[in-house]
1. Return the residue satisfying two criteria in turn: it lies in region A:416-436 and is of a type in the set (S, T, Y) and closer than 29 Å to A:H342 by Cβ, and of such residues it is farthest from the other protein chains (Cβ to nearest Cβ).
2. Counting only residues that are surrounded by fewer than 21 Cβ atoms within 10 Å (Cβ to Cβ) and within 19 Å of A:L360 (Cβ to Cβ), how many does region A:400-426 have?
3. Is at least one residue of region A:18-26 β-branched (V, I, T) and more than 10 Å from chain B (Cβ to nearest Cβ)?
4. Suppose we filter region A:150-159 for residues that are within 8 Å of chain B (Cβ to nearest Cβ) and closer than 30 Å to A:Y118 by Cβ; how many remain?
5. Go through region A:132-157 and count every residue that is crowded, with 17+ Cβ neighbours inside 10 Å and small (G, A, S).
6. Among the residues of region A:79-96, count how many are facing chain B (nearest Cβ under 9 Å) and either modelled with pLDDT of 90 or more or within 30 Å of A:V375 (Cβ to Cβ) (or both).
7. Are there any helices (runs of 4 or more DSSP H) wholly within region A:198-269 with 1 or more residues that are among the hydroxyl-bearing types (S, T, Y), and if so which?
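The values are calculated or read from the model by the stated rules, or taken from the named source; none is laboratory data. A quick note: this is a predicted structure, and the numbers were derived from the prediction, not measured. Heads up, the Cβs are rebuilt from the backbone with ideal geometry, glycines too, and the neighbour counts pull from every protein chain shown.
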Amino acid sequence: MIHQYKLNGYNIVLDINSGSIHVPDPLAYEAIRLIDESAGQKSDEEIGRELLHIFSGQGVTQEEIQETLDDIRELRAQGKLFSEETFADKAFDLKKRNTVIKALCLLVAHTCNLNCNYCFAAQGNFLGQHGLMSFETGKRALDFLVENSGMRRNLEVDFFGGEPLMNFQVCKDLVAYARSIEQEKKKNFRFTLTTNGIGVTDEVIEWANKECHNVVLSLDGRKEVNDRFRRDYTGRGSYDRIVPNFKKFVEKRGGKGYYMRGTFTHFNTDFTNDIFHMADDLGFAELSMEPVVADPDSPSALKEEDLPVIFEQYEILAKDMLRREREGKPITFYHYMLDLEHGPCIYKRISGCGSGTEYLAVTASGDLYPCHQFVNDPEYKMGDIWKGVTNTELRDSFKLCNVYSRPECADCWAKLYCAGGCAANAYHAAGDIHGTYRMGCDIFKKRIECALMIKVAQAMEGN
Amino acid sequence: MKHIVTLNTRDMKGCGECQTSCQSACKTSCVANQPCENKDAE
């Protein structure tokens with residue numbers, strides 16, 4: 001299977017199964033299209049005649065056509081074009097394998113100092129009781145992670161909520177505890193903090209810059225966009241309070257990982273203006289802007305008619321990032337960060353994010369859920385940190401949550417980039433974790449096309 | 001190869017040490033951008 005498209009003046013062909021990316025000239029682009037459409041039913045002579053017809057009057061010679069077909073034949077022989085699918089059996093092995101847990105999302109605070117009305121966590125309390133995680137519960141969660149991590153050395157813990165800084169002392173104490181057992185347990189804890197910025201102080205900055213591998217800072221972009229949803233309980237916008245905090249935070253980050261993480265909705269489908277505001281007016285270089293996850297009936301939910309605008313925005317962003325790179329002032333957009341040579345292996349590409357198997361969310365009271373987006377849905381409680389995963393049937397269901405378990409993904413060119421997509425999105429959109437969220441698929445595919453175009457442009461421009 | 005340029009890509013040739021997608025940035029719609037951390041990878 002292949003996928004071919006034109007973007008920003010480049011002809012791009014992706015060979016799905018090998019992961020190869022080709023940049024053919026116009027003649028080869030058409031030849032590949034004709035071969036793909038004929039599904040092996042046409043001879044080289046027939047393809048050649050069609051190419052002569054398509055390029056009549058453009059000086060294309062029979063010799064050039066033969067060279068092109070030879071190039072295609074060579075790539076096919078190397079397994080880099082029209083390559084066969086050989087990975088499906090590995091997907092079905094996933095249920096048999098004895099998975100280990102390597103990442104926890106610790107919901108240290110089921111409460112928040114903002115009242116963002118698009119919040120999937122119901123303003124931080126996850127439709128349950130407000131509450132804070134105790135140190136004892138958090139400590140047990142870390143022990144549970146170590147006990148269930150097998151031979152994995154790298155373990156990840158995200159302080160999440162709600163607003164985790166409303167329980168900052170426990171965050172600090174848990175990191176100190178983790179550091180105290182790392183050497184003995186032969187583990188490397190990587191902590192992440194996701195914060196709305198209200199509670200960011202000099203002490204928080206100093207601690208996070210010492211202990212957190214990555215920080216995710218929530219800001220939606222322009223002041224009027226951010227303050228439409230990101231308000232406190234009195235209705236006051238947060239922009240003027242959080243931007244100075246974030247600027248100081250990033251300034252002192254010293255090159256360690258961070259992402260400015262925004263959400264775009266039906267009200268700001270021109271979201272590149274928010275990205276450029278964060279880059280040009282605020283000086284942030286590591287950026288992430290995500291489509292809102294909302295009830296389809298919500299006014300903020302993205303609509304089908306928004307898609308052409310959103311697609312155009314992704315193209316504008318990709319072209320602008322290339323311009324910035326040429327000018328020596330690059331920015332990073334999370335979804336365009338592809339590593340073609342050292343990216344994920346086929347196992348990762350098949351099995352996805354690992355929710356419900358390698359990655360679990362822990363509530364303030366110690367209950368386990370497949371991820372932060374399933375919290376407090378009684379159907380999806382998996383167990384707790386004292387007894388472990390007791391709902392093994394649910395875990396097995398998540399083990400099979402991969403690109404080969406979804407019939408809709410079978411013929412999708414992007415399946416080895418998205419691994420079948422987000423189980424929570426599928427559940428909320430289709431009522432089934434093995435379903436798909438079609439609008440999410442469309443947006444994802446557009447992002448990958450843009451990300452690959454950037455890689456092609458960098459290669460062709462010699463960067 | 002006169003008519004087609006091919007980029008260098010990893011030959012699709014399981015250690016699990018790489019970062020979980022959801023821990024990195026978006027938390028909503030995340031595998032392509034997770035770098036491999038297997039020191040013995042091909």
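1. So the first thing to find is which residues in region A:416-436 are of a type in the set (S, T, Y), and the list is A:417, A:427, A:436.
When the remaining residues are screened for being closer than 29 Å to A:H342 by Cβ, the result is A:417, A:436.
On the way: A:Y417: 4, A:T436: 12 Å.
Of everything passing the filter in region A:416-436, A:T436 is farthest from the other protein chains (Cβ to nearest Cβ).
2. Residues flagged as surrounded by fewer than 21 Cβ atoms within 10 Å (Cβ to Cβ) and within 19 Å of A:L360 (Cβ to Cβ) within region A:400-426 amount to 1.
3. No - not one qualifying residue is present in region A:18-26.
4. Residues meeting the conditions: 2.
5. So the count comes out to 3.
6. 4
7. It comes to A:239-251.
For every residue, the table says whether it meets (1) at negative phi; (2) touching a Gly at 6+ places or on another chain (Cβ under 8 Å); (3) outside any helix (DSSP H, G or I).
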position	(1), (2), (3)
A:E325	yes, no, no
A:P330	yes, no, yes
A:E341	yes, no, yes
A:R349	yes, no, no
A:S365	yes, yes, yes
A:L368	yes, yes, yes
A:S397	yes, yes, no
